[in-house]
Amino acid sequence: MALAAERGRFDGPEWLAHAAYESGRTYERLDQPYQALRCYGKAIELAADGADVPVREILLRRSRLHLDLGHVDRARDDLNRAAELLETESGS
């Protein structure tokens, strides 16, 4: 996925959601899961405002982090939400 800056898009929530998502991925690589969780939460919040961010992917990444940290209920909530989005997108 191209960065928002590469696509020439800096239009509010979309750009900020993508920046939060990329920050979360960076924190994951740095083995800082709590920072990554915060970034992913912000990306999801901003994506709800119509930004072009892969919300299902963010939820799946956040779910895995929650599971790694032993937050089983939170992981399940994110997985269920990702499944709902998939159903909505596929029209089932």
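Test Leu59 against the stated conditions and say whether it is in contact with a Pro (Cβ under 8 Å, 6 or more places away or on another chain), part of a helix (DSSP H, G or I) and either crowded, with 21+ Cβ neighbours inside 10 Å or at pLDDT below 95 (or both). No; evaluated as a whole, the condition is false for this residue. Considering only residues of the stretch 70-83 that are farther than 19 Å from Ala20 by Cβ and of a type outside the set (D, E, K, R), which is surrounded by the most Cβ atoms within 10 Å (Cβ to Cβ)? Among residues in the stretch 70-83 that are farther than 19 Å from Ala20 by Cβ and of a type outside the set (D, E, K, R), the one surrounded by the most Cβ atoms within 10 Å (Cβ to Cβ) is Ala75.
None of Gly70, Gly41 is touching a helix residue (DSSP H, G or I) at 6+ places or on another chain (Cβ under 8 Å) and free of Cβ contacts under 8 Å to residues at least 24 places away in the same chain except Gly41.
Keeping to the stretch 42-91, report how many residues are closer than 18 Å to Glu28 by Cα, among the basic types (Lys, Arg) and under 13 Å from the mean Cα position of the chain (by Cα). Adding up the residues that qualify gives 5.
In the stretch 27-48, of all residues being loosely packed, with under 13 Cβ neighbours inside 10 Å and either modelled with pLDDT of 90 or more or in contact with a Leu (Cβ under 9 Å, 6 or more places away or on another chain) (or both), the one that is farthest from Asp78 (Cα to Cα) corresponds to Leu30.
The values are calculated or read from the model by the stated rules, or taken from the named source; none is laboratory data. Keep in mind it's a predicted model, so treat the numbers as computed, not measured. Don't worry about glycine lacking a Cβ; one is built from the backbone with ideal geometry, like all the others, and counts go over all protein chains shown.
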